[in-house]
Amino acid sequence: MRIRDFFLSRRYSLPIFIVLFLLFALVLMSLRAKQRKGVDFFDALLMEICSPFQKGATLAIKTVQGTFQRYLFLINLEEENRILKQKIAQLQEENHQMKEIKLANERLRELLQFREKKPSSMVGAEVIGQDPSSWFKSLTIDKGERDGVKKGMAVISPTGVVGQILKTAPDYAVVLLLTDYNSAIDSVVQRTRAKAIVEGKGENRCQLKYLLRTDEVAVGDVVITSGLGGNFPKGLRIGEVRRVDKRGHGVFQYAELVPSVDLTQLEEVFVIMEPLLPSPPKEEKGKKEKKTKK
Amino acid sequence: MKRIVLLLLVGIFFLILQASCFPFFPIHRVRPDLLLIFTFYLAFLFPPISGGILAFIMGYLTDLFSGNAMGFYVFSRSLVFFTAYFLKGRIYLEGFYSQFLFAFLFALLEGVFILILMNTFQSVPLAKFHPLFFTSLLPQSFFTGLFTPLFFFLFGKGSLLWFSQPGKGVKEKG
């Protein structure tokens, strides 16, 4: 009886409500931490309701921004055009050389009977929003489960790695950027093939961790995906080493990395639908076929 | 009920504004936290139960659209709401400076609280955040503080326009 009176008394009803309310928030937090499989039905529903408005707002802003950029801010256009033409010529030459290298590489791979890579399928998505909070780095895109997007899939842009899918709704998904504190990508330093993990550092910066002290890394080295994690195909550009920190002692050295993608200006991204798992080599295939015939 | 639904829509509008419009600003990292300002507004002028639920929903939506997989904002925004609710009668909050200082300190404390939660639940070492204190947390809290009096003024005007009885507007007692 006394307990009932305590709960019903006006004096204690508000503190009890607040305590229960905060406890509920804590329980919700722990439930989310346990699940970690993606958002449930309610989350997906809320996302479906709010995202079209977000898409509309982004479209309106882009239209206004586009009007200014396409019609009003054209002062240095001629100079820019000249520089771009020079760059095209340079890239065409580079492209020609690359084609030659690619052909040579294909011939050599054939000779060595290397495993072939499956062609990846990608789906293009539009960025409709960025993280509303300051501590986490994510994007909302307009492709979701209905388009085949699943949690953990790699997200890239033409210039490099963007991140991976964190949450999905039927038509929308949240991408965890590679600069987020919770992001980790298996990587390789392109020049020296030194293995490391790229971890997010928050403000458009990443860190190369577990990089052996004996490995050679220099400022300006390009870091690419190693393909070992399973989500990212091998050879995607992640970023460039900006600073190397060889601390006084220890097994590892650290390096700071600048992503090759400007994550604050992203408008379109690609989601890699399947991980690039290698198919069995031709020789093995042949052997298997023979075995089955027997 | 009408008032709650309206404020919920306003909250969603702020969320969209923060996620879609502010990233286009030239200085990306110093965008003010509109949803935090909105939570203060709810705490100062709304009853604890309906205001608390609204703050909770706003935190939930922030978590939903952010890269935060744990749901820190559901807890932190509810906590901010109730702390601000209990402090409102004890602090003078009518002028520009007091509102600025209040919002600045709360934004700073909420930032530190989120960092502690990240450190506790996601094992992100606190040492990682040291540089962010001056480059991100302080400027953002400052801008949140700076925008608070302006938004309070706009909210006040908005509620006067929307509700025919200004006194009754949002200043009902819980």
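The values are calculated or read from the model by the stated rules, or taken from the named source; none is laboratory data. Everything quoted here is computed from the prediction, not taken from an experiment. Glycine gets a Cβ as well: all are built from the backbone with ideal geometry, and neighbour counts include every protein chain shown. Remember, those area values only see protein heavy atoms, side chains included, never the ligands or the DNA or RNA. Shrake-Rupley method; radii C 1.70, N 1.55, O 1.52, S 1.80 Å.
Of the residues that make up the range A:93-110, is at least one over 26 Å from the mean Cα position of the chain (by Cα) and modelled with pLDDT under 80?
Within the range A:93-110, one or more residues are over 26 Å from the mean Cα position of the chain (by Cα) and modelled with pLDDT under 80.
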- Scanning the range B:109-121 residue by residue, those open to solvent by 30 Å² or more (accessible area, probe 1.4 Å) and of a type outside the set (Val, Ile, Thr) turn out to be B:Leu109, B:Phe113, B:Asn119, B:Phe121
- Task: Please specify each residue of the range A:174-201 satisfying the condition of being more than 9 Å from every other protein chain (Cβ to nearest Cβ), in contact (Cβ under 8 Å) with a residue 12 or more places away in the chain, open to solvent by 10 Å² or more (accessible area, probe 1.4 Å) and assigned to a loop (DSSP other than H, G, I, E, B).
- Result: A:Gln190, A:Arg191, A:Thr192
- Message: Could you check the range A:144-162 and list, in sequence order, the residues that are closer than 20 Å to A:Gly56 by Cβ and open to solvent by 10 Å² or more (accessible area, probe 1.4 Å)?
- Response: A:Arg146, A:Asp147
- Query: Restricting attention to the range B:139-160, which residues are more than 15 Å from the chain's Cα centre (by Cα), of a type outside the set (Gly, Ala, Ser) and open to solvent by less than 50 Å² (accessible area, probe 1.4 Å)?
  - Reply: B:Pro139
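Only one of these is over 12 Å from the mean Cα position of the chain (by Cα), open to solvent by 10 Å² or more (accessible area, probe 1.4 Å) and within 11 Å of another protein chain (Cβ to nearest Cβ): B:Phe65, B:Phe75. Name it.
B:Phe75
Table: residues versus (1) within 13 Å of the chain's Cα centre (by Cα); (2) open to solvent by 30 Å² or more (accessible area, probe 1.4 Å); (3) away from every other protein chain (no Cβ under 13 Å).
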{"site": "A:Asp142", "(1), (2), (3)": "no, no, no"}
{"site": "A:Gln164", "(1), (2), (3)": "yes, yes, no"}
{"site": "A:Lys167", "(1), (2), (3)": "yes, no, no"}
{"site": "A:Tyr172", "(1), (2), (3)": "no, no, no"}
{"site": "A:Glu203", "(1), (2), (3)": "no, yes, no"}
{"site": "A:Leu211", "(1), (2), (3)": "no, no, yes"}
{"site": "A:Ala218", "(1), (2), (3)": "no, yes, yes"}
{"site": "A:Val222", "(1), (2), (3)": "no, no, yes"}
{"site": "A:Leu236", "(1), (2), (3)": "yes, yes, yes"}
- Query: Listed residues B:Gly89, B:Gly95; which is open to solvent by 30 Å² or more (accessible area, probe 1.4 Å) and of a type in the set (Gly, Ala, Ser)?
  - Reply: B:Gly89
- Query: Residues of the range A:245-265 being open to solvent by 50 Å² or more (accessible area, probe 1.4 Å) and either under 17 Å from A:Gln190 (Cβ atoms) or at pLDDT 85 or above (or both), which ones?
  - Reply: A:Asp262
- Would you call A:Lys167 closer than 25 Å to B:Leu15 by Cα, among the basic types (Lys, Arg) and assigned to a strand (DSSP E or B)? yes
- Task: Six or more apart or on different chains, Cβ under 9 Å: which pairs go from a residue in the range A:253-266 that's facing chain B (nearest Cβ under 10 Å) to one that's in a loop (DSSP other than H, G, I, E, B) and open to solvent by less than 10 Å² (accessible area, probe 1.4 Å)? Could you list them?
- Result: A:Leu263/A:Leu178; A:Leu263/A:Thr179
- Can you find even one residue in the range B:96-118 that is within 12 Å of chain A (Cβ to nearest Cβ), closer than 22 Å to A:Ile18 by Cβ, touching a Pro at 6+ places or on another chain (Cβ under 9 Å) and in a helix (DSSP H, G or I)? yes
- Query: Which condition number does B:Phe82 fail, the rest of (1) out of contact with any Pro (no Cβ under 8 Å at 6 or more places or on another chain); (2) open to solvent by less than 20 Å² (accessible area, probe 1.4 Å); (3) of a type in the set (Phe, Trp, Tyr) being met?
  - Reply: (1)
- Message: Being in a loop (DSSP other than H, G, I, E, B) and in contact with a Phe, Trp or Tyr (Cβ under 7 Å, 6 or more places away or on another chain) is the filter here; which residues of the range B:66-87 pass it?
- Response: B:Ser66, B:Gly67, B:Asn68, B:Met70
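Using the structure shown, decide if A:Thr63 is of a type in the set (Ser, Thr, Tyr), within 30 Å of A:Ala169 (Cα to Cα) and at pLDDT below 85. Talk me through it step by step, then tell me what you get.
On the way: of a type in the set (Ser, Thr, Tyr): yes; within 30 Å of A:Ala169 (Cα to Cα): yes; at pLDDT below 85: yes.
Yes: the conditions hold for A:Thr63.
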